[in-house]
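*Asks:* First the structure, then my questions, so here it is.
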Amino acid sequence: MKLELKNIYFMDTSALVIVQRYYPISLFPDLWNNLDKLFWNERIISHDFVYDEIVPSTGAKDEIAKLVSRYKKYFKKISKRQAQLVPEIIGLFPALIDPKSKKNEADPWLISLVFEEMELKGILEMNLNMLLSVMKARKTQIKYLQFVNTII
């Protein structure tokens, strides 16, 4: 039996907002139908912090908030493993967050979710600490994360 590999997309706020802004459902219904299928087939996932950035806890919801609220179960909660990874990710990439921001910022949590999912699926071949050290040695700065496309 041949193993079927599928792409998993880790979705950030900016990706959802850009898709909604430039590819409205009224003009691109096929795109939105495909996004819908990807969510329902658990091939798009994200983090609760992304959900909270898009969907207001009170007041009226705009079009993107209404759409995203249909997929609440695909926005993962904070796990113990993510809580262990986030300080190291922020230490390596301080530009991911604005220390003056009064709200939680999703990027380091979304990256920790990617690492966690890779560990759970057994596709993180090297030790995670080693991977983070390599990233630090290269002094890579991540400004924002739109999609992380991982073969799972």
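The values are calculated or read from the model by the stated rules, or taken from the named source; none is laboratory data. Quantities reported herein were computed from a predicted structural model and do not represent experimental measurements. Counting neighbours? That spans all protein chains shown, and the Cβs are built from the backbone with ideal geometry, glycine included.
*Asks:* Which number in (1) in contact with a helix residue (DSSP H, G or I) (Cβ under 7 Å, 6 or more places away or on another chain); (2) among the acidic types (Asp, Glu); (3) part of a helix (DSSP H, G or I) marks the one condition that Glu42 misses?
*Replies:* (3)
*Asks:* Inside segment 3-39, can you point out the residues that are over 28 Å from Glu105 (Cβ atoms), touching a Lys or Arg at 6+ places or on another chain (Cβ under 9 Å) and part of a helix (DSSP H, G or I)?
*Replies:* Within segment 3-39, just Lys37 meets the criteria.
*Asks:* As an exercise: evaluate Leu92 against (1) over 15 Å from Asp12 (Cβ atoms); (2) at pLDDT 85 or above; (3) aliphatic (A, V, I, L, M); (4) surrounded by 13 or more Cβ atoms within 10 Å (Cβ to Cβ) and give the number of the one condition it does not meet.
*Replies:* The failed condition is (2).
*Asks:* If you check every pair at least six apart or on different chains, which have Cβ atoms under 7 Å apart with a residue in segment 56-68 that is assigned to a loop (DSSP other than H, G, I, E, B) first and a residue that is surrounded by 13 or more Cβ atoms within 10 Å (Cβ to Cβ) second?
*Replies:* Hits for this filter: Pro56/Ala65; Lys61/Val55; Lys61/Ser69.
*Asks:* Also, quick follow-up: Taking interchain pairs and intrachain pairs at least six residues apart, which have beta carbon atoms under 7 angstrom, with the first residue in segment 22-37 and over 19 Å from Asp62 (Cα atoms) and modelled with pLDDT of 90 or more and the second assigned to a helix (DSSP H, G or I) and of a type in the set (Gly, Ala, Ser)?
*Replies:* The qualifying pairs do not exist here.
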